[in-house]
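For reference, the structure is listed below as structure tokens.
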């Protein structure tokens, strides 16, 4: 197939490009680099089956030639208020990527009769009142809160995707992505893994906010990509959770990072200054992924951390 990937220079987009090229497809990458990095796709520069266009998908986009599938992954995703590439500091761009970007990509899918796959997020569930989170749960989201620029952009994108499927009969699919980690993450992402792994590799005590009882479920990027590709190749149209159902507290996660890295500096606790809307629990119900895609994650946390460490060391200048 000839496949368009928006956000191709991002963490997930670049790994998807690698996987789909390895599967024998032709990949058209598109990114405007406001959060993606040219470094993530530099190794593809001489690949004859990879072509790249620097474009903002929120504007009109044109792709020459036939397109068989579109994976819309273009969006700021970092929750770090201090990061220039986080959605708190790119609120309009985030909303436009979810709204106008999705609209533009769906328009291409309709014209080209192409399969369309939307990258959605577990954040559409908000701070959940149902646990674990299944696709049938409508969520607990504040539409005017500071996080809404990301949450609601993705919720709107899902609604628009289903409207194109139902009204225009576009062949669409939606993946709801849960916490993912691995090489090519932005070290300033603001999520638990980059924050804690950086500290551990630098020999610093790991900072845990509050008592560390808030939970997350961490999925290694290769497992996630495998699930996304299986969804792309399927005929499923309704949303599918892809994530690792092994739930752990942030304190347990910090202890695991110290164990794998051999960091002896321990853990320090700081007052939890996070927003009240910051999800306190997160765990995917992956029943549908198991039944529809025959997918389950295979890489456990300690192995995933070991695979991620060399990239972090390189970025931190420790090699």
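One decimal place: the segment residue 113-residue 136 gains 5.5 nm when fully extended, by the rule 0.36 nm per residue minus the C-alpha distance. Considering only 297, 239, 81, the mean-square fluctuation computed in a Gaussian network model of the chain, springs between alpha carbons under 10 angstrom, is largest for 81. Axis angle, to the nearest 10 degrees, between helix 250-261 and the longest C-alpha principal axis of the chain: 80 degrees. Principal-axis analysis of the Cα atoms of the chain puts helix 192-201 at an angle of about 50° to the longest axis.
When both the stretch 1-52 and the stretch 131-150 are represented by their alpha-carbon centers, they are found 30 Å apart. Each Cα pair under 8 Å and six or more residues apart adds its separation to the average, and for the chain the resulting relative contact order is 17 percent.
For residue 298 and residue 34, FRET efficiency with R0 = 22 Å and r from the beta-carbon atoms, rounded to 0.05? Using R0 = 22 Å, I get an efficiency of 0.10.
Taking springs between alpha-carbon atoms closer than 10 angstrom, which of 24, 182, 304 fluctuates most in the Gaussian network model of the chain? Judging by the Gaussian network model, the answer is 24. Of the peptides 60-68, 283-291, the ranking by mean beta-carbon count within 10 Å, highest at the top, reads 283-291, 60-68. Between the helical axis of 221-233 and the longest alpha-carbon principal axis of the chain there is an angle of about 20 degrees. Let a ≥ b ≥ c be the square roots of the eigenvalues of the Cα gyration tensor of the stretch 227-276; is it rounded (a/c under 1.5), or, if not, prolate (a/b larger than b/c) or oblate? Here the stretch 227-276 falls in the oblate category.
Taking label points 7 Å from Cα along the Cα-to-Cβ direction, residue 51 and residue 167 give a separation of 3.1 nm. For the pair residue 84 and residue 269 in one chain, pulling the backbone fully straight at 0.36 nm per residue adds 64.0 nm over the alpha carbon distance. Once you divide the Cα radius of gyration of the stretch 89-139 by 2.2 N^0.38 Å, the number left is 1.47. Using the rule -39500 (n - 2.57) for each DSSP H run of four or more residues, divided by the residues of the chain, the 222 nm mean residue ellipticity is -10000 deg cm²/dmol.
Rule-based calculations on the coordinates, nothing more; no lab input. Please read all numbers here as calculations on a predicted model, not as lab measurements. Methodologically, a virtual Cβ is constructed for each residue, glycine included, from the backbone with ideal geometry; neighbour enumeration extends over all protein chains shown.
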